[in-house]
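Peer 1: Before I ask anything, let me first share the structure, which is written out below as structure tokens.
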């Protein structure tokens, strides 16, 4: 895990691709707000959740970039090549280097965690014919853990440790994603397709998360393994307003005015 990045289906990412994933998948975080028109309508949450991890990202190693033209929607197995990603699961605090893993879509539950996912998808028509979409997802009993910048686990256990018998650390999260889509009623995008290869008319505007969990601290945190602890994640990314914000503001700097991952000891 320390020097390896894997996909939802366990495949290694190609050489040179890891920094791009970490920049987006680990650093996009947070609790944002968006305005929805009065004529907004509701769509089933499954319209969004069912589209996640269906996009197969193709990386051109010779040119060192993502090949958007070759990337495609083909399902999580990506039988014709490419990489299927699930997320955003990783959230980082740039000041401390701490990272939190939160199973925001509930896909890592083998059936014994009791993970539940509920929320809403609100869609409204834009004056240009496109769609404004707000997705709100609340996840309970979500697998959660925290790591340092060297990928040493500080809090909780990884999915693979749980498979080997470790107790899962389960928390809850509230994530909001606001974006523009091509037009009302059309398929909603996979998160990473929206980030890396948006179609004309698509744009991520804001993303946010608040998450918390109580569970065991690990020896790498500097305490005896199993010491009670607590993890809290607060992240806000105002992607759509960063380019028009005050150039000296925190938003203009990297679009994230709030990026907090906090681990605390709560017992002996």
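Peer 1: Select from the range 159-176 the residues that are surrounded by 19 or more Cβ atoms within 10 Å (Cβ to Cβ) and touching a strand residue (DSSP E or B) at 6+ places or on another chain (Cβ under 7 Å) and list them in ascending order.
Peer 2: If we filter the range 159-176 for residues that are surrounded by 19 or more Cβ atoms within 10 Å (Cβ to Cβ), which is where we start, we get 162, 168-171, 173, 175-176.
Passing the criteria: 168, 169, 170, 171, 173, 175, 176.
Peer 1: Also, I was wondering about something else. Please go through (1) under 26 Å from residue 176 (Cβ atoms); (2) at pLDDT 90 or above; (3) surrounded by 14 or more Cβ atoms within 10 Å (Cβ to Cβ) for residue 76 and return the number of the only condition it doesn't satisfy.
Peer 2: (2)
Peer 1: Separate question: Select from the range 133-155 the residues that are farther than 26 Å from residue 119 by Cα and surrounded by 15 or more Cβ atoms within 10 Å (Cβ to Cβ) and list them in ascending order.
Peer 2: Step one: filter the range 133-155 for residues farther than 26 Å from residue 119 by Cα, giving 147-155.
Residues satisfying the conditions are 147, 148, 153, 154, 155.
Peer 1: So residue 252 passes all but one of these: (1) over 30 Å from residue 42 (Cβ atoms); (2) at pLDDT 95 or above; (3) in a helix (DSSP H, G or I). Which condition number does it fail?
Peer 2: Result: residue 252 fails condition (2) only.
The values are calculated or read from the model by the stated rules, or taken from the named source; none is laboratory data. These numbers come from a predicted model, not from an experiment. When we count neighbours, we look across all protein chains shown, and the Cβ atoms used for this are built from the backbone with ideal geometry, even at glycine.
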